[in-house]
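The structure under discussion appears below in the form of structure tokens.
The values are calculated or read from the model by the stated rules, or taken from the named source; none is laboratory data. Just so we're clear, the structure is a prediction, and the values are computed from it rather than from any experiment. Here the Cβ positions follow ideal geometry from the backbone for every residue, glycine too, while neighbour counts run over all protein chains shown.
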């Protein structure tokens, strides 16, 4: 930290103390008693449950209002999230919303501009009082207010579950080492990796307006939160791993809860918007690389690349707009009970024909874009 910064003694002792206990006690326990299956199971179960409560509850539900959740789900996420010992959901959300609003600036509570370790955890150790801002919506929720008043007590009750299991099984020490001390450290530092590593390492496929990066290696460690470039571009989306093959256990759990009716009203960005953002970034990087080519080669290629990108972007936007317009029209007809009328069948046939023509236009635009991209890449090889 910067010279002259005052330390928050309680936070500093808790963060460094739990880490020190885990670093000493875990190897000692492994060397003297080995690892029992119950210790591993409790540690992993507690880590997953509490980490998911931070990802799905504190982050996606309370900070970003990315979906609606029933009272039992909100209550469970608030109780489990308190055991992360990362403050209340209200305070956590306030800091996080400030991070998104002022990302990479001095007003960002954990700006990466001050270095990896500052963003990772020393910002928590600073003696500074960040006010509650931008959370008036959450302050209206009685469950959130209750958790804010009692989050440390709630967290302690949940965090000590391994103690009760240890008393029943006769393995108090082992379960406290793995299920409490190690679990707290794992919870803290997997969360902290998103503030630090996800702003330094990885790709920026959707935007380079900020330092947030997609990092598939972080995703399994952070319950799907590793796709941080996507998240900063569309923070209100309930997913982080938006593509089907991307690891996002929080998204999968929320989909399961939606299936049984406990959560719903998911907010999600369209596939067309994602593709358009990726195309914009790809064109931008290709144009930047064309500085390696001679002006006589680079100028016409930039023009062709821009034209192909403009045509493809317009085709994607048009296809998406037609699809959205049809969805709205279909909902209106259903509300009127006219989905079986002859006029409905005619309108549906017209829409299918227009969509087929639009897809053909999109296919041609894709072919033109790929040809322009290949030409630029080939020229860069010989630049």
Look at residue 236 and say whether it is without any contact (Cβ under 8 Å) to a residue 60 or more places away in the chain and in a loop (DSSP other than H, G, I, E, B).
no
Of the residues in the stretch 190-208, those that are without any contact (Cβ under 8 Å) to a residue 60 or more places away in the chain and in a helix (DSSP H, G or I) come to 194, 198
Would you tally the residues in the stretch 252-272 being part of a loop (DSSP other than H, G, I, E, B), surrounded by 12 or more Cβ atoms within 10 Å (Cβ to Cβ) and either without any contact (Cβ under 8 Å) to a residue 60 or more places away in the chain or in contact with a helix residue (DSSP H, G or I) (Cβ under 6 Å, 6 or more places away or on another chain) (or both)?
4
Based on what the data block shows, is residue 163 in contact with a strand residue (DSSP E or B) (Cβ under 7 Å, 6 or more places away or on another chain) and either in a helix (DSSP H, G or I) or closer than 28 Å to residue 17 by Cα (or both)?
no
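This table checks each residue for (1) more than 25 Å from residue 204 (Cβ to Cβ); (2) surrounded by fewer than 12 Cβ atoms within 10 Å (Cβ to Cβ); (3) in contact with a strand residue (DSSP E or B) (Cβ under 9 Å, 6 or more places away or on another chain).
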residue	(1), (2), (3)
295	yes, yes, no
358	yes, no, no
362	yes, no, no
369	no, no, no
Test for residue 40: is it within 17 Å of residue 256 (Cα to Cα) and in a helix (DSSP H, G or I):
no
Please indicate, with yes or no, whether at least one residue in the stretch 29-37 is touching a strand residue (DSSP E or B) at 6+ places or on another chain (Cβ under 9 Å) and either modelled with pLDDT under 95 or in a helix (DSSP H, G or I) (or both).
no
Residue in the stretch 66-114 that is surrounded by the fewest Cβ atoms within 10 Å (Cβ to Cβ), counting only those that are touching a strand residue (DSSP E or B) at 6+ places or on another chain (Cβ under 9 Å) and either assigned to a loop (DSSP other than H, G, I, E, B) or outside the structural domain of residue 253 (by TED's automatic domain parsing) (or both)
70
Across the stretch 122-156, what is the number of residues that are in a helix (DSSP H, G or I), under 15 Å from residue 86 (Cα atoms) and either without any contact (Cβ under 8 Å) to a residue 40 or more places away in the chain or out of contact with any strand residue (DSSP E or B) (no Cβ under 7 Å at 6 or more places or on another chain) (or both)?
14
Suppose the filter is under 27 Å from residue 122 (Cβ atoms) and surrounded by fewer than 17 Cβ atoms within 10 Å (Cβ to Cβ); does residue 136 pass it?
no
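Yes or no, residue by residue, for (1) assigned to a helix (DSSP H, G or I); (2) without any contact (Cβ under 8 Å) to a residue 12 or more places away in the chain; (3) within 27 Å of the chain's Cα centre (by Cα):
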site: 303; (1), (2), (3): yes, yes, no
site: 309; (1), (2), (3): yes, no, no
site: 312; (1), (2), (3): yes, no, no
site: 321; (1), (2), (3): yes, yes, yes
site: 330; (1), (2), (3): yes, yes, no
